[in-house]
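**Q** This is the structure I want to talk about, given as structure tokens.
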Amino acid sequence: MTHAGSLPTTGRASPAADPGIGILGTGSYVPARTVHNDEVARLVGVTGEWIERKTHIRSRRFAAPHEATSDLAAHAARRALDQAGTTADGIDYLIVATSTGDSPQPPTAHVVQHLIGARNAACFDINVVCSGFVYALAVARSLLTCRPGTHALVVAADVYSRILDFSDRTTAVLFGDGAGAVVLGPTPAGHGIMEVDLRGSGDARSLIHVEAGGSRLPASQHTVDSGGHFFRMRGREVREFVARVVPPTLAELLGRAGLTAQDIDHFVPHQANGVMLDELVKASDLTGARTHRTLERYGNVGSASIAVTLDEAHRQGEFRAGDILLLAGFGGGMATGACLVRWHTPAGRTAAAHDPQEAEQS
């Protein structure tokens, strides 16, 4: 396991000497089409009750035929920019976290750049599957630390409905499509991203994968016929990995920041599976925090799940200045990414009420 721990600006730094990099605005987008459990259940050969009991998911959103990952990302990005009170021209870095990009090339970030008009932004993608949003936050924070006064737009988006095998009930019942975004920039000292922990376990990479379509197994008629382009996951082993690795990782992150689980006001985890989240909260001693969940309505939206959930909680007025948030991603790679944020709401900026379920028209 590789480990990237203390990036610049830790929770123990002196506030007077350490200006912050934090979240200035959030946004999200989910497609219009709601797919309830009964519809998926008929395809995979189970019941809707079985899906809800095993996952706590009741519905999910699927992208329309004309919608690609970049379209969802652009909708979420515009909403985050609007809430932050800035324009796309004011963005210096545009990072898109996705494992279901529009195409192998060019980076989906460049498509999003064109769609929203972020002409001045350096653009690139990050693919760390369901941990991608936290990784993108860490990279953006480091870039902004190197160039004080700059701003980044971090977007996480996935369209998993296009790579699901509906004969595989272990995966097809879990996933949906969506996008979430944040604008990062300067915050007052003592606020913003406090500490980050990024880890990879490449020896467990086979637990979650899409086998075909890359340089090792290029696309061919055989790979298509054999289902090599579908998303695959060994669910029981993934659950065991999360139970074994994530709680001690979060405890170590909190320790480096001089905090305990009791100091956390809000827990925003990857929305993998409701039963798994219940177990994770207990194992991590986070029962005193407010755990935010959207999986019941949206399912697992991959890299976007933390960002979508963060935006919904913010727009519902859940966060107050000074609150400490713990964001935690885990998934394919296998990878984990977690970060601590001391919340700051810019003066004069409030999170206007917004229903992320309400789809924009493309």
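The values are calculated or read from the model by the stated rules, or taken from the named source; none is laboratory data. Because the structure is predicted, anything quoted here is derived from the model rather than measured. In this analysis, Cβ positions are derived from the backbone assuming ideal geometry, glycine residues included, and neighbour counts consider all displayed protein chains. Side chains included, ligands, DNA and RNA excluded: accessible areas come from the protein's heavy atoms. Shrake-Rupley method; radii C 1.70, N 1.55, O 1.52, S 1.80 Å.
**Q** By DSSP, what percent of the beta bridges with both residues in the chain are antiparallel, rounded to the nearest 5? Could the numbers behind the result be given before it?
**A** Numbers: 43 of 60 bridges.
Of those bridges, close to 70 percent are antiparallel.
**Q** Moving on. Helix-only estimate, please: 222 nm mean residue ellipticity of the chain, summing -39500 (n - 2.57) across DSSP H runs of length 4 or more and dividing by its residues, to the nearest 500.
**A** Details: 11 runs with 112 residues, N = 362.
That calculation yields -9000 deg cm²/dmol at 222 nm.
**Q** Of all accessible surface on the chain at a 1.4 Å probe, what whole percent is carbon and sulfur? Mind showing how you got there, number by number?
**A** Working: 7500 of 14510 Å².
Summing carbon and sulfur atoms, their accessible area is 52 percent of the total for the chain.
**Q** Roughly how large, in nm² to one decimal, is the mean projection of the convex hull of the alpha-carbon atoms in the chain? Present the calculation step by step, with values, prior to reporting the outcome.
**A** Values: hull surface 66.9 nm².
Mean orientational projected area (the chain, Cα hull): 16.7 nm².
**Q** Which of the trypsin sites (Lys or Arg not before Pro) across region 55-149 are loop residues per DSSP, with 15 or fewer other Cβ within 10 Å?
**A** Details: sites: 58, 60, 61, 78, 79, 119, 141; in loops: 58, 119.
When the trypsin sites (Lys or Arg not before Pro) of region 55-149 are filtered for loop state and at most 15 Cβ neighbours within 10 Å, 119 remain.
**Q** I would also like to ask the following. Cα-based Rg of region 247-288 per 2.2 N^0.38 Å, rounded to two decimals? List each step's numbers first, then the result.
**A** Values: Rg = 10.3 Å, N = 42, 2.2 N^0.38 = 9.1 Å.
For region 247-288, the normalised Cα radius of gyration comes out at 1.13.
**Q** Right, next: Which whole-Hz couplings ³J(HN,Hα) result when phi for each residue of region 250-264 is put into the Karplus expression 6.51 cos²θ - 1.76 cosθ + 1.60, θ = phi - 60°, listed in order with x for Gly and Pro?
**A** Taking θ as phi minus 60°, the curve returns 5, 5, 5, 4, 4, x, 5, 8, x, 10, 10, 4, 6, 7, 7 Hz for region 250-264.
**Q** Which value results when the Cα radius of gyration for region 52-151 is divided by 2.2 N^0.38 Å? Please list the in-between numbers first.
**A** On the way: Rg = 15.0 Å, N = 100, 2.2 N^0.38 = 12.7 Å.
Against the compact-globule rule of thumb, the ratio is 1.19.
**Q** Starting at the first residue of region 31-40, write each ³J(HN,Hα) from the Karplus equation 6.51 cos²θ - 1.76 cosθ + 1.60 with θ = phi - 60°, in whole Hz, x for Gly and Pro.
**A** Here the 3J(HN,Hα) series is x, 6, 6, 8, 10, 7, 4, 4, 5, 5 Hz.
**Q** What is the spin-label model distance, in nm, from residue 103 to residue 42 if the labels are put 7 Å beyond Cα along the C-beta direction?
**A** 3.5
**Q** Give the distance, in whole Å, between the Cα centre of region 254-313 and the Cα centre of region 62-118.
**A** 25
**Q** Follow-up question, since we're still on this one. For a bin width of 5 Å, list the pair-distance distribution of region 187-271 built from all Cα-Cα distances, rounded to whole %.
**A** Calculated P(r), rounded to whole percents: 3, 10, 15, 17, 13, 11, 10, 8, 7, 4, 2, 0.
**Q** Please turn the phi angles of region 307-314 into ³J(HN,Hα) values with the Karplus equation 6.51 cos²θ - 1.76 cosθ + 1.60 (θ = phi - 60°), one per residue in order, whole Hz, x for glycine and proline.
**A** 5, 5, 5, 4, 5, 4, 5, 4
**Q** Within 10 Å, count the other beta carbons around each residue, average over each peptide in 273-280, 299-306, 199-206, 123-130, and list them highest first. Numbers along the way, then the final one.
**A** Working: 273-280: 18.6, 299-306: 32.2, 199-206: 14.8, 123-130: 21.8.
With the highest mean Cβ count within 10 Å placed first, the list reads 299-306, 123-130, 273-280, 199-206.
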